Amino acid sequence: MPVLHTPALTSGRRPLTALLTAALLLGAAVGAVTTATATAATAAHADEPGWTAEPAAGGAGPARPYFYLSGPAGTVLEDRLALTNSSDRERTVTLRGADAYNTADGALAVRPAEPPAAEGPSGTARGAGSWISFGTATTVRIPPRTRAVVPFTVTLPPASPPGDHPAAVIAAEGGREAGVRVHLRVAGPTLAALTVEDVSVRGEGARAVVAYTLVNRGNVALVPELALSAEGLFGEVPGRTARALPVELLPGQRVSLTEPWPGAPVLDAVDLTLTVTAPGAAPATAGTSAWFVPWGIAARTGAGLLGLGGVALAALLLVRKRRTRGGGPADEEPVPGGKRAPEHELTGASR
């Protein structure tokens, strides 16, 4: 597969750059400043990646941030990748296709380099990354200050299901990788569907957050919106209005997210409802119940009540002890010694 090389920089800009550089050097009066500037320039040059990868521009059109390809199953799609070497040395870049997926927290990532995936029972490859081919141009040598345009193909298997198949083109050199997303869609019926699951509440008050799981059960990528409503024992509790989530949920992916809830109560029992929507998909709802108790205040109050109960019990025991030492009930009056009632002797004889 041919690789087209074009100069990355125009020669007309070099005289102007040289004049500006000379003017700056003449204006530098202190040698220390000149040395510091040269050192900073060297460090900045060392930090530069030296090369970039991006979709090749189509004619006079604007630059593309990613590839977008679509077609029916069984067809071959084509596009071109532009590799620009802005450094002063030759670069050797290795190219491959990769599957794209969501990490557990919703970020986009690509699979590491692996042997070609085995085909499933239906004859379709397990990931769209294996559909991408650079032919014989998997390794490209790019001269200094040069741009290389590398064609590639995407072969859609005959039995590939309709919908989105996330992938990426990966360029690697010297331990560094650069990826360009490939939005790939196989023609056919599409389904936008998602669910929200595993809702729970963590923390309390302004520090409360709602944890939940989103699942894309359709065959197209979704950008969901989330709204939160709550009802407590004392009436409605402030929730959160619908807002777009900073995540693109790919087909078949499951992500675990958290949503800040600054309006959570401090003391209440709340029924919480999450509503998630996405273009073309039916709203998905899920809820949970949560008790909000200020345990710090409750612990201090309980300790105070316990201490008060201990004082009352000690006082009661002291009063009982004093009564016991008195020798008898307090309401029994003593009988004088000279007026004791006569004792009667009971016998069986009658008088």
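Observations on the model:
- Residue within segment 202-212 that is within 18 Å of Ala282 (Cβ to Cβ) and modelled with pLDDT of 95 or more present: yes
- Matching residues in segment 146-179 - criterion: being within 31 Å of the chain's Cα centre (by Cα) and more than 13 Å from Ser70 (Cα to Cα): Ala168, Val169, Ile170, Ala171, Ala172, Glu173, Gly174, Gly175, Arg176, Glu177, Ala178, Gly179
- If the condition is being open to solvent by 30 Å² or more (accessible area, probe 1.4 Å), modelled with pLDDT of 95 or more and part of a strand (DSSP E or B), then segment 111-150 contributes Ser133, Thr139, Arg141, Arg147.
- Residue within segment 258-275 that is in contact with a strand residue (DSSP E or B) (Cβ under 9 Å, 6 or more places away or on another chain), closer than 28 Å to Gly127 by Cβ and open to solvent by 20 Å² or more (accessible area, probe 1.4 Å) present: no
- Of the numbered criteria (1) at pLDDT 95 or above; (2) closer than 25 Å to Asp164 by Cα, the one Pro246 fails is (1).
- Cross-chain or 6+ apart pairs with Cβ under 8 Å, segment 134-155 first and free of Cβ contacts under 8 Å to residues at least 60 places away in the same chain, then open to solvent by 60 Å² or more (accessible area, probe 1.4 Å): Thr138/Thr94; Thr139/Thr94; Arg141/Glu90; Pro144/Asp88; Pro144/Arg89; Pro144/Glu90
- Residue count, segment 161-182 (criterion: surrounded by fewer than 20 Cβ atoms within 10 Å (Cβ to Cβ) and more than 17 Å from Arg111 (Cβ to Cβ)): 5
- Strands (runs of 3 or more DSSP E) fully within segment 203-248 counting 2 or more residues that are open to solvent by 50 Å² or more (accessible area, probe 1.4 Å): 225-232, 235-244
- Residue pairs meeting the criteria (Cβ under 8 Å; at least 6 apart or on separate chains; first without any contact (Cβ under 8 Å) to a residue 24 or more places away in the chain and within 15 Å of Leu245 (Cβ to Cβ), in segment 270-289; second of a type in the set (Val, Ile, Thr) and crowded, with 19+ Cβ neighbours inside 10 Å): Pro283/Val276
- Options Ala211, Ala227, Ala264; residue that is within 15 Å of the chain's Cα centre (by Cα) and at negative phi: Ala211
The values are calculated or read from the model by the stated rules, or taken from the named source; none is laboratory data. These numbers come from a predicted model, not from an experiment. Virtual Cβ from ideal backbone geometry, glycine too; neighbours counted across all protein chains shown. Remember, those area values only see protein heavy atoms, side chains included, never the ligands or the DNA or RNA. Shrake-Rupley method; radii C 1.70, N 1.55, O 1.52, S 1.80 Å.
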